[in-house]
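J.: Just dropping this structure here.
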Amino acid sequence: MKIAGFSIFVETSHFKPKLIVVDIKPKITPIYQTSVFNFEDLNELELYFEQPGQSYMYTRYGNPNSDELAQEVNKLEQGAGAVVTSSGMSAILAAILGFCKAGDHILCAEEVYGGSSALIRQELTRMGIEVSFLPASDTYSLHEYVQPNTRMMLAETISNPLVQVLDVRRLAQETKKQGIKLIVDNTFASPILTKPLLLGADIVVHSVTKYLSGHSDVTAGVVICEEAEDAQRVLKVMMTYGLNLSPFDSWLAVRGLKTIWIRMRQHCSNALTIAAYLQGHPKVEQVWYPGLEQHPQHELAKEQGEGLFGGMLSFRLKDDTEEAVNKFMRALEHIPFAPSLAGVNTSISHPLRTSHRSLSSEQQQNMGITIGVIRLSVGIEEPEELIAELEAALDNIN
Ligand SMILES: Cc1ncc(COP(=O)(O)O)c(C=O)c1O
């Protein structure tokens, strides 16, 4: 929808403000901070229903700011339609509920964000949706897990927290063979690195909270579909369940999105520098970063990420203890321990105690997430400053 002109409300009475449209052309879309839109009469209301996408009625069903965000992300991911939601979690929920009902079965890669895993394992199973989790070694052998009622598979382009890289094209070939949909959570990679729909995925989801908005000031999500019909289905779920995003958060996310190209390049370049530095540090046991040649999917990551490897890395301290982690965290002066990621400022997180705490200790152990694993979300600061700060914090532990 083209948003031109500007509407000014003049109060003619307390109950019915009069709308005057004047030809003001703001460069930036104004914030349509309204829960509802006025209609002149029944004819205008009928036009809303007859010509979808031409006007607005109620912000839960659609708002110019969330539509602008959906269109911009849809362009980046090269989809046929996108739906903006209130969070990454509600995006995943809408994408699943759009196509699954009680009695259906879904597949999920074992190494996904802990919240996604909890949503499926703890909540969707209560609604009668069955799930099978695939260990990383079986990601592409899904035929062994598919049942007659299997509808879809969820996996992440770059996994959280150990940044394993998914061969999206290969997995899409398998899901197509099995006649099920592939949903890819592209939060860690961002469309600047990888566009899963172009590699055969059916649906892409994002926590817009992360790289798409980029400044740690928005909680939002988005679902992008390969088929316009699927986007309509997800839209219906978003509207009916009330999973919409507020106009202000949509506006903030659109603003953040404008710089994603330049931000991602700096995130990636800094992360590569820091991964190499940590790898050579005597107090670091292991570093996970796809840009390192030793990473098991380095070649795939290079090809699928257009030569960029992302801004996220994890490392394990040699002293794999709670005490060492606490000493390290406290010694960081400017890098906060903040359990999120992908903002312009560097932060660290602790997967065992935050994103993956709801997993059983056996699952945590299988994934290699021990107490000494620290996840670093590398920001866009000067890399020398970051290294100096990490160096000082590592000096502070045994
Ligand atoms: C990969 C991934 N997907 C989804 C989510 C959920 O997003 P949100 O916190 O915006 O609901 C997260 C949150 O960290 C995430 O890391």
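The values are calculated or read from the model by the stated rules, or taken from the named source; none is laboratory data. Keep in mind it's a predicted model, so treat the numbers as computed, not measured. Don't worry about glycine lacking a Cβ; one is built from the backbone with ideal geometry, like all the others, and counts go over all protein chains shown. For the accessible areas, the whole protein counts, side chains as well, though only heavy atoms, and no ligand, DNA or RNA atoms are used. Shrake-Rupley method; radii C 1.70, N 1.55, O 1.52, S 1.80 Å.
J.: Only helical DSSP H runs with n ≥ 4 go in: add -39500 (n - 2.57) per run for the chain, normalise by residue count and round the 222 nm mean residue ellipticity to 500 deg cm²/dmol.
T.: -10000 deg cm²/dmol
J.: If you take the beta carbon distance between Gln54 and Gln279 as r and set R0 to 45 Å, what does 1/(1 + (r/R0)^6) give as a FRET efficiency, to the nearest 0.05?
T.: My answer for the efficiency is 0.25.
J.: At 0.36 nm per residue, minus the direct Cα-Cα distance, what do Asn345 and Leu45 gain on full extension? Give it in nm, one decimal, please.
T.: Once the chain is fully extended between Asn345 and Leu45, it gains 103.4 nm.
J.: Another one. Give the residue from Thr209, Ala102, Tyr61 lying farthest towards the positive end of the charge dipole for region 58-257; charges sit on Cβ (+1 for Lys and Arg, -1 for Asp and Glu) and the dipole is referred to the Cα centre.
T.: Result: Tyr61.
J.: For Gln71 and Met127, what is the calculated FRET efficiency with R₀ set at 41 Å and r taken between the beta-carbons, to the nearest 0.05?
T.: Computed FRET efficiency for Gln71 and Met127: 0.85.
J.: Per residue of region 109-115, in order, report the coupling 6.51 cos²θ - 1.76 cosθ + 1.60 (Karplus, θ = phi - 60°) as ³J(HN,Hα) in whole Hz, putting x for Gly and Pro.
T.: 4, 5, 8, 10, 3, x, x
J.: Still on this structure: Just the number, please: Stokes-Einstein D of region 58-257 in µm²/s, Kirkwood Rh from C-alpha pairs, 10 °C, 1.306 mPa s. Kindly include the intermediate steps, with their values, before the conclusion.
T.: Numbers: Rh = 16.4 Å.
For the chosen part, D equals 97 µm²/s.
J.: Using 7 Å Cα-to-Cβ label points, what is the Glu229/Ser137 separation (nm, one decimal)?
T.: Simple spin-label model gives 4.0 nm for this pair.
J.: What does the charge add up to near Ala82, with Lys and Arg as +1, Asp and Glu as -1, over the other residues with Cβ less than 10 Å from its Cβ?
T.: Computed value for this residue: -2.
J.: Right, next: Any chance you could run the full-extension gain for Ala331 through Arg265? It's 0.36 nm times the residue separation minus the Cα-Cα distance, nm to one decimal.
T.: On the way: separation 66, 0.36 × 66 = 23.76 nm, distance 2.81 nm.
Residue separation times 0.36 nm, minus the Cα-Cα distance, leaves 20.9 nm.
J.: What is the calculated FRET efficiency for Lys318 to Tyr241, with r their C-beta to C-beta distance and R₀ = 41 Å, to the nearest 0.05? Show your work: numbers first, answer last.
T.: Numbers: r = 47 Å, r/R0 = 1.14.
Working from the Cβ atoms, E equals 0.30.
J.: As a test of reading the structure, rank Trp251, Trp288 by solvent-accessible area (1.4 Å probe, protein chains only), most first.
T.: Ranked list, largest accessible area first: Trp251, Trp288.
J.: Sorting Tyr145, Tyr61, Tyr56 by accessible area (1.4 Å probe), largest first, what list results?
T.: Descending order: Tyr61, Tyr145, Tyr56.
J.: Pop out the ³J(HN,Hα) list for region 50-63 in order, Karplus 6.51 cos²θ - 1.76 cosθ + 1.60 with θ = phi - 60°, rounded to Hz; leave Gly and Pro as x.
T.: Working through the residues one at a time gives 6, 10, x, x, 9, 8, 10, 10, 8, 4, 5, 8, x, 8 Hz.
J.: Evaluate the relative contact order of region 260-395 (contact order divided by residue number), counting alpha-carbon pairs under 8 angstrom at least 6 apart; express in whole percent.
T.: Working: 227 pairs, mean separation 38.9, N = 136.
The normalised contact order for region 260-395 reaches 29 percent.
J.: Report, as a whole number in µm² per second, the diffusion coefficient that Stokes-Einstein gives for region 260-395 at 4 °C and 1.567 mPa s using the Kirkwood radius over alpha carbon pairs.
T.: 85
J.: Keeping all protein chains in place, calculate the accessible area per residue for region 260-395 (probe 1.4 angstrom), answer in Å².
T.: 45
J.: Separate question: Report the equivalent ellipsoid semi-axes for region 21-113 in whole Å, largest first, defined as the square roots of five times the eigenvalues of the gyration tensor built from alpha carbon atoms.
T.: 32, 18, 12
J.: OK, next. What net charge is computed for the residues neighbouring Pro296, neighbours being all others with C-beta under 15 Å from the C-beta of Pro296, Lys and Arg scored +1, Asp and Glu -1?
T.: Residues close to Pro296 contribute a combined charge of -3.
J.: Let me ask something additional. Spelling out what I want: for every residue of region 238-246, take phi, set θ = phi - 60°, compute 6.51 cos²θ - 1.76 cosθ + 1.60 (Karplus), and round to whole Hz; glycine and proline get x.
T.: Rounded to whole hertz, the list is 4, 5, 6, 7, x, 9, 5, 9, 6.
J.: What is the spin-label model distance, in nm, from Ala80 to Lys25 if the labels are put 7 Å beyond Cα along the C-beta direction?
T.: For the pair Ala80/Lys25, the computed spacing is 3.4 nm.
J.: Sticking with this structure for a sec: Distances longer than 28 Å among the Cα atoms of the chain: what percent of all pairs is that?
T.: Tail fraction, whole percent: 49.
J.: Could you work out how far helix 88-97 tilts from the main Cα principal axis of the chain, as a 0 to 90 degree angle to the nearest 10?
T.: Helix 88-97 sits roughly 70 degrees off the main axis of the chain.
J.: With charges set only on the Cβ (+1 for Lys and Arg, -1 for Asp and Glu), what does the dipole of region 260-395 come to about its Cα centre, in debye to the nearest 20?
T.: Computed about the Cα centre, the dipole is about 380 debye.
J.: With the crude spin-label approximation of a point 7 Å out along Cα→Cβ, what separation in nm comes out for Lys177 versus Gln294?
T.: The modelled label-to-label distance comes out at 3.4 nm.
J.: With every protein chain present, what accessible area does Phe337 have (1.4 Å probe, heavy atoms only), rounded to the nearest 10 Å²?
T.: The accessible area of Phe337 comes to roughly 100 Å².
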